[in-house]
Amino acid sequence: MTAVLEIRLFGSLEISQGGAPINKFVSSKAPALLAYLAVTGRAHQRDALAALLWGEMADAHAKNNLRQTLSNLRKLLELYLVITRDTIALETAVPLTLDVAQFETHLKASRASSQHRFEHLAQAAALYRGDFLAGFVVRDAPEFEEWLLAQRVRFRELALHTLHTLTQHHLECGEYGRAIDS
């Protein structure tokens, strides 16, 4: 059985497999690519990914860098990748946890279930360990940086709304200590 790949993007980036950290990436662009594939949840054209991470370079150099990065990712996480001649994606048939996906699942469940609404909100809030990819830097990748900042703002707003809703709920229930902890 394949060990679970865990990707945590809230707060500092953490990638582990079966509890063991994975950190032998050739550059920050390898985990950036992995994070992008995980969050978007679909296959991407190689050309688009090369432009995303090496848009400042000539096409031939960008594609070469993408090939080197994919080689590195294959060595570390081959079972979790679907790499074809034209596209790259994460394998959906293997065990994988992604904190941002769990966060969004709990938020969606909180809207669908009034009975367990606040339980789901509390679980979502517990997953939010800080800004999306806090402190993570990818040099010379303006498209990726733009995507990262948009995700950071979106998740921060969702987290603030979640925390505000939980705090209001605890105040209304007279649970002042829990309101402060929220």
For this session: Give ALA134, ALA109 a once-over and let me know the one that is farther than 24 Å from ALA3 by Cα and either aromatic (Phe, Trp, Tyr) or without any contact (Cβ under 8 Å) to a residue 60 or more places away in the chain (or both).
Result: ALA109
Seminar exercise, completed: Within the stretch 117-155, of all residues that are β-branched (Val, Ile, Thr) and within 18 Å of GLY55 (Cβ to Cβ), the one surrounded by the most Cβ atoms within 10 Å (Cβ to Cβ) is VAL138
Exercise. Would you pick out the residues in the stretch 103-112 that are exposed (fewer than 14 other Cβ atoms within 10 Å of the Cβ) and either in contact with a Lys or Arg (Cβ under 6 Å, 6 or more places away or on another chain) or farther than 17 Å from VAL39 by Cβ (or both)?
Worked result: ARG111, ALA112
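Hey, among GLU56, GLU119, GLU91, which residue is of a type in the set (Asp, Glu) and under 19 Å from the mean Cα position of the chain (by Cα)?
Answer to the selection: GLU91.
Every read-out reported here was derived from the displayed coordinates using simple, explicitly stated rules and does not represent laboratory data. Treat the numbers as computed from the prediction; the structure is a model and nothing was measured. Neighbour counts run over all protein chains shown; Cβ positions are idealised from the backbone, glycine included.
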